[in-house]
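Encoded as structure tokens, the structure appears first; notes follow it.
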Number of protein chains: 2
Amino acid sequence: MRAPSKTMTLSNPSVDEANALVEKALSQKWTLILVGNCIVHYAGRAKSTLGAGERILIVKEDGAILVHRPLGYEPVNWQPSGCIIHTRKENSVLEVKAIRRKPLEHVRVTFTSIYLAAAFSLKDSAGFVLNASEEDMQRAILLKPSLLEEGFKPISYEKKVEPGFVDVYGEDEKGRLVVVEIKRKTAGKEAVLQLAKYIEAIKSKINREVRGVLAAPNLAKDAHRLLETLNLQYKTLSPTKCAETLRKDLDKKLEEFIN
Amino acid sequence: MRAPSKTMTLSNPSVDEANALVEKALSQKWTLILVGNCIVHYAGRAKSTLGAGERILIVKEDGAILVHRPLGYEPVNWQPSGCIIHTRKENSVLEVKAIRRKPLEHVRVTFTSIYLAAAFSLKDSAGFVLNASEEDMQRAILLKPSLLEEGFKPISYEKKVEPGFVDVYGEDEKGRLVVVEIKRKTAGKEAVLQLAKYIEAIKSKINREVRGVLAAPNLAKDAHRLLETLNLQYKTLSPTKCAETLRKDLDKKLEEFIN
DNA sequence: ATATGCATGTCGCAC
DNA sequence: GTGCGACGTGCATAT
């Protein structure tokens, strides 16, 4: 299926032609792509200058802009959504400028030559589903506490304990309190300290034995040492395994629902 | 200046036409842009699915890929540079797949219709200069210690003190040790705790008065309270001011060099 | 290879 | 609006 009415494309346009297309794209809130030789200036929280070179500029409907060099994952310059976009022809160059309030900053892209100017009215209402996040791990433990350890009984989650929130909070088979800190990737010293902080806070309030368990797919070596020093524990827990557990449970629930 | 030999552009191509362009772009290591209706699958550290919708796909020369929806700063799916890219026509759809080793993961973008297929040989060797980073703040303090406080004398920087590295380490006008923690944005509790950690480590080794100073453009309210509790200090320090200081010094040095 | 901390991080969520 | 932590964070750097 073609959608010619929803696209504008110019190959090797003049600055005037490109400027007209950009103005039209902005006024209609279309997504804009420019490819060409440009320089970029940014000033705001920090400040940057990028000399002349060939790059891709994307301006989205919501005022987000991205400048991509031919290499690398990250944009060299950008501005998040919510910017006000200006365009103008200045002498023989095309200038696209994004201004953001709070914090006040701006990116200015100045094109001296343009290889492609294109604009699109893109429709995208699809849902995005991500599995194996830290939240999935938390839900998996709540659903199947034996993932953490046999006999574990969750009491609450995201419980506020002054310095922050405990991921999961429960009791072990011997009735001792257990504080669980979850990390979806290798846990470092930071994670251990975070857990220790919560334990301290709880111990200072309740006169009762409290165990700390760090659940993560992996543990950094230094973190392991620190964990032992602080008398805390570690449980290997893989995010993808957790996601799997949740998926199976969902399948079961669906089956029950059908029957 | 035009550069037609370095660009290929197809508006509303058939899947076959687009596939041919993509293959050519990949084999020549050109930067590739596809705009059209697609679905996206990702599996690796996590797992995701994105239903049908209109998006922009960028494949860079170095194997980085980005899938951008019409809204927002962030790509909805991506892969950093170093991926191996495959493309193929399957029935009436175009499939572009990026595979990464370490960690092993992949993104698969399946186009059912294509509004634009374009490829470019982009040249970009310009330097990128960024000012007002945390490193700039550190260098500014070392260059002009009075930015921190009158009479401050730096001794070292990035000094290892067991749990990590002290940003700047010196003496105040009364000969007391000063440990400085720098943050380029609002400092939260985390920053305060980091500083406290260093102070503790140093105090436990040296029997001498030690002051802790948190230098940041701003201080979170809770962090302020914590700072007072721990008897630490705060000094307002703006990254842009620091960058300015460095720039002026550079100007001076250049002038001296010329004379 | 692993670990550690910065980033113009961005984003979402709770207060 | 502020604060706080997660992120498929990515990235450089030091060990």
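Taking the DSSP bridge list for chain A and keeping only pairs wholly inside it, about 85 percent are antiparallel. Provide the percentage of antiparallel DSSP beta bridges, counting only those with both residues in the stretch B:120-252; round to the nearest 5. If we restrict to bridges inside the stretch B:120-252, about 50 percent are antiparallel.
Mean residue ellipticity at 222 nm from the helices of chain B, using -39,500 (n - 2.57) per DSSP H segment of n ≥ 4 over the full residue count, to the nearest 500 deg cm²/dmol?
Details: 5 runs with 67 residues, N = 259.
It lands at -8500 deg cm²/dmol.
Structure note, pairs A:Lys144/A:Lys205; A:Lys174/A:Lys205; A:Lys160/B:Lys160: Cα-Cα distances above 25 angstrom occur for A:Lys144/A:Lys205; A:Lys160/B:Lys160. Shape class of the stretch B:69-117 from the Cα gyration tensor (axes a ≥ b ≥ c, square roots of the eigenvalues): oblate, since a/c reaches 1.5 or more and a/b does not exceed b/c. For the protein assembly as shown, just run the numbers: alpha carbon Rg, then divide by 2.2 N^0.38 Å, N being how many residues it has. Cα-based Rg divided by the globular estimate yields 1.16. Distance from the Cα centroid of the stretch A:33-92 to that of the stretch A:137-166 is 44 Å (rounded to whole angstrom).
For chain A, what D do you get in µm² per second when you plug the Kirkwood radius from alpha-carbon pairs into Stokes-Einstein at 37 °C and 0.692 mPa s? In µm²/s, the coefficient rounds to 145. Charged side chains reduced to their Cβ positions (Lys and Arg at +1, Asp and Glu at -1) give the stretch A:1-119 a dipole of some 360 debye around its Cα centre.
Counting other Cβ atoms within 10 Å, keep those with at most 14, restrict to DSSP loop, and tell me which GluC sites (Glu not before Pro) in the stretch A:202-259 are left. Answer by residue number: A:Glu209. Sites listed here are trypsin sites (Lys or Arg not before Pro) in the stretch B:160-259 whose DSSP assignment is loop and whose Cβ has at most 15 other Cβ atoms within 10 Å: B:Lys174, B:Arg176, B:Lys185, B:Lys205, B:Arg208.
Values in this text are rule-based calculations from the coordinates and carry no lab data. None of the values given here were measured: they were computed from a predicted structure. Cβ sites come from the backbone with ideal geometry, for glycine too, and all protein chains shown count toward neighbours.
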